[in-house]
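Trainee: Please find one structure pasted underneath; my questions will follow.
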Amino acid sequence: MTQFDLATLHEAIAAAVPDRECLVWRDRRSTWQEVTERTRRLGNLLHSRGLGPGARLAIYLHNGPEYLEALLGAHKARVTPFNVNYRYTADELAYLFTDAEPSVVVFHAAFAPLVAKVATPSMLLLQVMDDSGHPLAPGALPYEEALAAAGKDPVPVRPSPDDHHIIYTGGTTGMPKAVVWRIGDLLDGPVGVRRRDGSSFASLEDLVAHAAASRRRILPAAPLMHGTGVWFTLNGWCLGSTVVIADRADRFDPPSLLATLEREKVTGTVIVGDAFARPLIEELRNRVYDLSLGMIGTSGAFLGEASRAQLADLIPGVRTVDTLGSSETGNSAVRMDGGRFEAGPYTVVLSADQTRVLTPGDPEEGWLARSGPIPLGYLGDPEKTARTFRVVDGVRYAIPGDRAIWREDGTIDLHGREATVINTAGEKVFAEEVEGVLREVDGVVDALVVGRPSEKWGQEVVAVVQTRETGEPDDAALKSACAARLAGFKVPKEFVRVERVRRHANGKADYAWARSTV
């Protein structure tokens, strides 16, 4: 099967459609040729510093054109890019830089004070100016000036599908881990560079012809610093789409997002479950937007049935696509418009002891796993790599930690991450299942479910709940709603009310915060 690398593919599409809009943010509208020249300049700057395979570039930016320029420019120099969570404290940033050892850091001025605390003299610092007012960090170069001083000719290296790309996990269940991908596998797997029917492209020329005919306009509402946002965006770019960035790039802002979607006639976007969907629904009820959306995707957190139905009602003709995946697997299963999860072509369920592949219809609860284009492993951590990437019957699988049952019709019943399992009185409760029921209760804005130590049960199920009105629905109503759909041992023993359920910037649950709350 033919594999591609990002740098070569983007250059080839640009040669075919040089004057088409490639990247749009506010009043900044860049053609494919303009993006090509800017990313060549960054690639040449890196190459002139002697950087190439083995060197790493940290992308410490809000959503914006520079994020994608840094990613693509790094690949043009065969430098490995990696994402930095812009919510990190100085200690967390220091941990990440110690782990990744970046040679280059591209960062917004807003983060200059933190960069100054953790940067080393050997790092090339490229500061993207913003509205924060922070001056240049010590030793940093202004990003635009550095690009202007570099050449715009092709970078004198030959990128390869074997070049590396790193995605750091969100760290929702522990310290973030660096997942190392071959760029060829990343494009073939999580990014999904293939035809709509799932078939592969026979050649670069075949793919470019397909991309040249595209008229899609996509917008990542999710942060580019996480897989959900950047993989969706790279899928669009690699298939010829115009990428639009929301006007408000430093945080999720529903009015700004919807205004951008309307103005730019965006045809597809990606969000992160109900945490993003519910504020959008509220704004859509407050004001009428003339949207061209045909698809809303979600990954990292599921879209509740109530949210899905409301989006479909408020945006006529829109389809919702829930993607089940992880940084270690990419997309493992997909469900359309609230149906059941359909297993992908490389997805299986392994037995509980991870020694055999179950057959569809086997009642055993096992581990969701994926073969095919999967990562090389975790950076500098052979032990974690060995635990997550296992060989079963001669086939190498990524096993990110999701428990599941494989139904006879090939669909997947997902039972949640092992890290969020609550063991109560000898029974297992999957937090996501209880959370899904609570979020469907009228008046509940958000909910997280965790285990709390209990002398009687070992652990007891506790829900942290945010409601629209203080105290409503009351505990009795919440308990009744859960009891109607869940076994008794799954019903929370207590409902802890909070003003706002905390989530990470990518919309994923902050279970550490939830546990500290109960």
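The values are calculated or read from the model by the stated rules, or taken from the named source; none is laboratory data. The structure presented is a predicted model; accordingly, all values stated were derived computationally and were not measured. So basically every Cβ, Gly included, is an ideal-geometry build from the backbone, and we count neighbours across all protein chains shown.
Trainee: Restricting attention to segment 157-172, does a residue exist that is modelled with pLDDT of 95 or more and in a helix (DSSP H, G or I)? Lay out the reasoning, then the answer.
Mentor: Initially, segment 157-172 is screened for residues modelled with pLDDT of 95 or more, giving 157-167.
Okay, now just the ones that are also in a helix (DSSP H, G or I), so none.
No; the residues of segment 157-172 include none that is modelled with pLDDT of 95 or more and in a helix (DSSP H, G or I).
Trainee: Out of the residues in segment 121-139 that are under 29 Å from the mean Cα position of the chain (by Cα) and within 29 Å of Gly380 (Cα to Cα), state the one that is surrounded by the fewest Cβ atoms within 10 Å (Cβ to Cβ).
Mentor: Met123
Trainee: A further question follows. Of the conditions (1) in contact (Cβ under 8 Å) with a residue 40 or more places away in the chain; (2) in contact with a helix residue (DSSP H, G or I) (Cβ under 9 Å, 6 or more places away or on another chain); (3) among the β-branched types (Val, Ile, Thr); (4) surrounded by fewer than 19 Cβ atoms within 10 Å (Cβ to Cβ), Ile399 clears all except one; give me its number.
Mentor: (4)
Trainee: Another question, if that's okay. Within the group Glu328, Glu383, which residue is within 24 Å of Leu303 (Cβ to Cβ) and among the charged types (D, E, K, R)? Write out each step before concluding.
Mentor: Working: Glu383 fails: within 24 Å of Leu303 (Cβ to Cβ).
One residue alone meets the criteria, Glu328.
Trainee: Could you give every pair whose Cβ atoms fall below 6 Å, whose first residue belongs to segment 338-349 and is under 17 Å from Arg403 (Cβ atoms), and whose second residue is surrounded by fewer than 22 Cβ atoms within 10 Å (Cβ to Cβ) and not hydroxyl-bearing (Ser, Thr, Tyr), counting only separations of at least 6 or pairs across chains?
Mentor: Phe341/Arg335; Ala343/Gly410; Val348/Val357; Val349/Leu358
Trainee: Let me ask something additional. Quick check on segment 483-518: of everything there that is within 25 Å of Gly458 (Cα to Cα) and basic (Lys, Arg), which residue is farthest from the chain's Cα centre (by Cα)?
Mentor: Lys493
Trainee: Right, next: On the given criteria, is Gly317 outside the structural domain of Val437 (by TED's automatic domain parsing), under 21 Å from Thr228 (Cβ atoms) and not polar (S, T, N, Q)? Give the derivation first.
Mentor: Numbers: outside the structural domain of Val437 (by TED's automatic domain parsing): yes; under 21 Å from Thr228 (Cβ atoms): no; not polar (S, T, N, Q): yes.
Against the criterion (outside the structural domain of Val437 (by TED's automatic domain parsing), under 21 Å from Thr228 (Cβ atoms) and not polar (S, T, N, Q)), Gly317 does not qualify.
Trainee: State the number of residues belonging to segment 316-358 that are surrounded by 21 or more Cβ atoms within 10 Å (Cβ to Cβ), touching a Leu at 6+ places or on another chain (Cβ under 8 Å) and of a type in the set (A, V, I, L, M).
Mentor: Within segment 316-358, residues that are surrounded by 21 or more Cβ atoms within 10 Å (Cβ to Cβ), touching a Leu at 6+ places or on another chain (Cβ under 8 Å) and of a type in the set (A, V, I, L, M) number 5.
Trainee: I've got another one for you. So how many residues does segment 469-488 have that are farther than 14 Å from Glu440 by Cβ and assigned to a loop (DSSP other than H, G, I, E, B)?
Mentor: 4
Trainee: Sort out which residues of segment 313-369 are touching a helix residue (DSSP H, G or I) at 6+ places or on another chain (Cβ under 9 Å), of a type in the set (Asp, Glu) and assigned to a loop (DSSP other than H, G, I, E, B), and write them in order of number.
Mentor: Going residue by residue through segment 313-369, those that are touching a helix residue (DSSP H, G or I) at 6+ places or on another chain (Cβ under 9 Å) are 314-315, 318-320, 322-323, 325-328, 330-331, 337-338, 367.
Filter once more, keeping what is of a type in the set (Asp, Glu): 322, 328, 337.
Passing the criteria: Glu328, Asp337.
Trainee: Still on this model: Say we look at segment 402-419 and pick out the residues that are closer than 28 Å to Glu383 by Cα and crowded, with 18+ Cβ neighbours inside 10 Å; which of these is modelled with the highest pLDDT? Let's see the steps before the verdict.
Mentor: So the first thing to find is which residues in segment 402-419 are closer than 28 Å to Glu383 by Cα, and the list is 402-405, 414-419.
Now restrict to residues that are crowded, with 18+ Cβ neighbours inside 10 Å: 402-405, 414-417.
Working: Asp402: 86, Arg403: 86, Ala404: 90, Ile405: 93, Leu414: 81, His415: 76, Gly416: 69, Arg417: 69.
That would be Ile405.
Trainee: Of all the helices (runs of 4 or more DSSP H) wholly in segment 1-118, which have at least 1 residues that are surrounded by fewer than 17 Cβ atoms within 10 Å (Cβ to Cβ)? Explain how you work it out, then say what you get.
Mentor: Values: elements: 6-16, 32-48, 65-76, 90-100, 112-118.
So the answer is 6-16, 32-48, 90-100, 112-118.
Trainee: Return the total of residues in segment 201-229 being assigned to a loop (DSSP other than H, G, I, E, B) and either of a type in the set (D, E, K, R) or more than 23 Å from the chain's Cα centre (by Cα) (or both). I'd like the intermediate steps shown before the answer.
Mentor: Going through segment 201-229, the residues assigned to a loop (DSSP other than H, G, I, E, B) turn out to be 201-203, 213-216, 221-226.
Within this subset, residues satisfying the condition of being either of a type in the set (D, E, K, R) or more than 23 Å from the chain's Cα centre (by Cα) (or both) are 201-203, 213-216.
Residues that pass the stated criteria total 7.
Trainee: Which residues, taken from segment 438-455, are in contact with a strand residue (DSSP E or B) (Cβ under 9 Å, 6 or more places away or on another chain) and not in a strand (DSSP E or B)? Steps first, please.
Mentor: Our first condition is that a residue be in contact with a strand residue (DSSP E or B) (Cβ under 9 Å, 6 or more places away or on another chain); within segment 438-455, this holds for 438-439, 441, 443-454.
Listed by number, the residues that qualify are Leu438, Arg439, Val441, Gly443.
Trainee: With (1) within 30 Å of Ala221 (Cβ to Cβ); (2) at pLDDT 90 or above; (3) buried (at least 18 other Cβ atoms within 10 Å of the Cβ); (4) of a type outside the set (A, V, I, L, M, F, W, C) as the list, and Asn506 as the residue in question, which single condition is left unmet?
Mentor: Every condition holds for Asn506 apart from (2).
Trainee: Please verify whether Thr269 is touching a strand residue (DSSP E or B) at 6+ places or on another chain (Cβ under 8 Å), part of a strand (DSSP E or B) and not hydrophobic (A, V, I, L, M, F, W, C), treating the condition exactly as stated.
Mentor: On the way: touching a strand residue (DSSP E or B) at 6+ places or on another chain (Cβ under 8 Å): yes; part of a strand (DSSP E or B): yes; not hydrophobic (A, V, I, L, M, F, W, C): yes.
Against the criterion (touching a strand residue (DSSP E or B) at 6+ places or on another chain (Cβ under 8 Å), part of a strand (DSSP E or B) and not hydrophobic (A, V, I, L, M, F, W, C)), Thr269 qualifies.
Trainee: Here is a follow-up. Hey, can you tell me all the residues within segment 374-417 that are farther than 13 Å from Ser326 by Cα and in a loop (DSSP other than H, G, I, E, B)?
Mentor: Leu376, Leu379, Gly380, Asp381, Asp393, Gly394, Arg407, Glu408, Asp409, Gly410
Trainee: Cβ-Cβ below 7 Å, separation at least six or inter-chain, first residue in segment 481-510 and over 24 Å from Ser454 (Cα atoms), second of a type in the set (A, V, I, L, M, F, W, C) and assigned to a strand (DSSP E or B): which pairs?
Mentor: Note: pairs meeting the criteria are Arg503/Ala509.
Trainee: Another question, if that's okay. I'm trying to understand the selection: among the residues of segment 452-480, which are within 25 Å of Gly507 (Cα to Cα) and either touching a residue at least 60 places away in the same chain (Cβ under 8 Å) or polar (S, T, N, Q) (or both)?
Mentor: Arg452, Gln466, Thr467, Thr470, listed by residue number.
Trainee: Assuming Ala301 fulfils every condition listed in (1) in contact with a Lys or Arg (Cβ under 9 Å, 6 or more places away or on another chain); (2) free of Cβ contacts under 8 Å to residues at least 60 places away in the same chain; (3) part of a loop (DSSP other than H, G, I, E, B) apart from one, which condition is it?
Mentor: (2)
Trainee: List the number of the failed condition for Asp290; all other conditions in (1) over 28 Å from Val179 (Cα atoms); (2) charged (D, E, K, R); (3) at pLDDT below 95 hold.
Mentor: The number of the failed condition is (3).
Trainee: Restricting to segment 445-469, and then to whatever is among the polar types (S, T, N, Q) and at pLDDT below 90, can you tell me which residue is surrounded by the most Cβ atoms within 10 Å (Cβ to Cβ)? Before you say what the answer is, go through the steps one by one.
Mentor: In the first step, residues of segment 445-469 are kept if they are among the polar types (S, T, N, Q); the result is 454, 459, 466-467.
Of the ones still in play, those that are also at pLDDT below 90 are 454, 459.
Values: Ser454: 14, Gln459: 17.
So, considering only residues that are among the polar types (S, T, N, Q) and at pLDDT below 90, the one surrounded by the most Cβ atoms within 10 Å (Cβ to Cβ) is Gln459.
Trainee: Turning to a different aspect of this structure: Taking segment 426-444 on its own, how many of its residues are out of contact with any helix residue (DSSP H, G or I) (no Cβ under 6 Å at 6 or more places or on another chain) and at pLDDT below 80?
Mentor: 3
Trainee: Among the residues of segment 420-444, how many are surrounded by fewer than 17 Cβ atoms within 10 Å (Cβ to Cβ) and over 17 Å from Gly488 (Cα atoms)?
Mentor: The number of residues fulfilling the criteria is 3.
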